[in-house]
Amino acid sequence: MKRIVVVGASAAGLTAAETLRRRGWGGHLTLIGEESPPPYDRPPLSKQILTGAWEPEQTTLRSPQDLAGLEADLRLGERATALDTEGRQVRLDNRETIGFDGLVIATGVTPRRLPDSDLAGVHVLRTLDDALGLRAALLTGPRVVVVGAGFLGTEVAAAARTMNLEVTLVEPEPVPVRRPFGDRIGMLVADLHRDHGTHLRCGVPVTRLRGADGRVTGVELGDGTTLPADVVVLALGSTPATGWLTGSGLRLGDGVVCDASCQAAPGIYAAGDIASWYNPHFGTRMRLEHRMNATEQALAAAGSLLGDTEPFAPVPYFWTDQYDTRIQAYGIFPPDADMRILHGNPADGRFAAAYGHHGKVVGVLGWNTPRQVRTLRRLVAEHASWTAITDTPAPRPATVNN
């Protein structure tokens, strides 16, 4: 291979490029990124950047010297618009085409929106510019409504509350973070937000955004009520950024469909939020929008491009910081999984729990227990028997009610 192109210059794309160089590949490397700023980290956008604890430059992943050391053709502020798999070319928005022998796709995801989301005062949060725009809006002391109570929505609500703003968190599910963790942890997250003064409206959908003179004025709910709002943050989840791959011949489902080695087609690999691959450790296909996975999968995709044959079979790790609480998780958390608390007690604000599915431990979660959850990770990595866990008395009896 003489030419490798990496499309996407965030954590996954940058890691893939660095891995190629670190592994000794010396060919022509092109790194394409739609955003103009140098590659930066996204997790601080919903926390430190919103609250003003960090300046934007603190999110930068690499120094100018480090980027220069890649000896890459760095194309920032340029967007890939099409892929020709047969001709081995990527087309850019300036109509230029870039040829390749190997390709890594790392274009991430795009936030979902609602109708009328072009009203002034309505925000999404994906990019650094998004975060800075929302930060400026929050500094005016507005009434804030956050629509969507997944990780992003709950983190934004927590950041706004630390700024002493009036915040309402709206979620059509009965509790926050239900999709990743289920009802029991969701109730604890709801209590955490209520304890810090956030208003919660769970179990009710959003009907529409209301506006006047081009600016948002409120959020109408399915029960007929309208929440007054000066700022609305849409945290409705994301869709894989695969539009530019339409007609390429790649299989597109929930992202770019890959095999266990992250290969989508001969010489073409995907990594990060956009990649849907078969994880043999859990025997299932998955697509993860987690920061750690972006790095780990980029390492694997670049290695596979260079000839590695080991499948990418990680134990996923992710976390969320809200107020004075850190929730950390390893593994997967199926909706019908059993849950058992192994350390601590929710009433004390510190506990660690295991999740069982089909007779095996498939996930562990820690609530302000970083040491314990790191130790428990081995239960997931070793496919520990759920029966062995449940037959062992918990150190401290603790129950989370449904």
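Grab the Cα-Cα distance for GLN65 and SER385, subtract it from 0.36 nm times how many residues apart they are, and report the gain in nm with one decimal. Write down the numbers at each step before the final one.
Details: separation 320, 0.36 × 320 = 115.20 nm, distance 4.89 nm.
So the extension gain works out to 110.3 nm.
The distance linking the range 98-147 with the range 300-325 is 24 Å (Cα centroid to Cα centroid, whole angstrom).
Taking Cβ atoms as reference points and 12 Å as the exclusive limit, the residues near HIS193 contribute a net charge of -1, counting Lys and Arg as +1 and Asp and Glu as -1.
Extension gain for ASP101 to THR239 (0.36 nm times residue separation, less C-alpha to C-alpha distance): 46.9 nm. Contact order, relative form, for the chain: 14 percent (alpha carbon pairs under 8 Å, 6 or more residues apart, mean separation divided by residue count). Once the C-beta distance of GLU55 and THR207 is scaled by a Förster radius of 41 Å, the resulting FRET efficiency is 0.60 to the nearest 0.05. Each 10 Å bin, from zero up to the one with the longest distance, holds this percent of the alpha carbon pairs of the chain: 5, 21, 28, 26, 16, 4, 0. Would you mind telling me the share, in percent, of accessible area of the range 279-402 contributed by carbon and sulfur at probe 1.4 angstrom? That fraction is 48 percent. Here each label is just a point 7 Å from Cα along the line to Cβ, and for LEU76 and ALA120 those points are 3.1 nm apart. Taken along the Cα-to-beta-carbon direction at a fixed 7 Å, the label points for ARG350 and MET163 span 3.2 nm.
Surface analysis of the chain yields an accessible area of 44 Å² per residue, using protein heavy atoms and a 1.4 Å probe.
The values are calculated or read from the model by the stated rules, or taken from the named source; none is laboratory data. Keep in mind that what you see is a predicted model, and the values were worked out from it rather than measured. Cβ coordinates were reconstructed from backbone atoms using ideal geometry, including for glycine residues, and neighbour counts include every protein chain displayed. Calculation scope for accessible area: heavy atoms of the full protein, side chains included, ligands and nucleic acids excluded. Shrake-Rupley method; radii C 1.70, N 1.55, O 1.52, S 1.80 Å.
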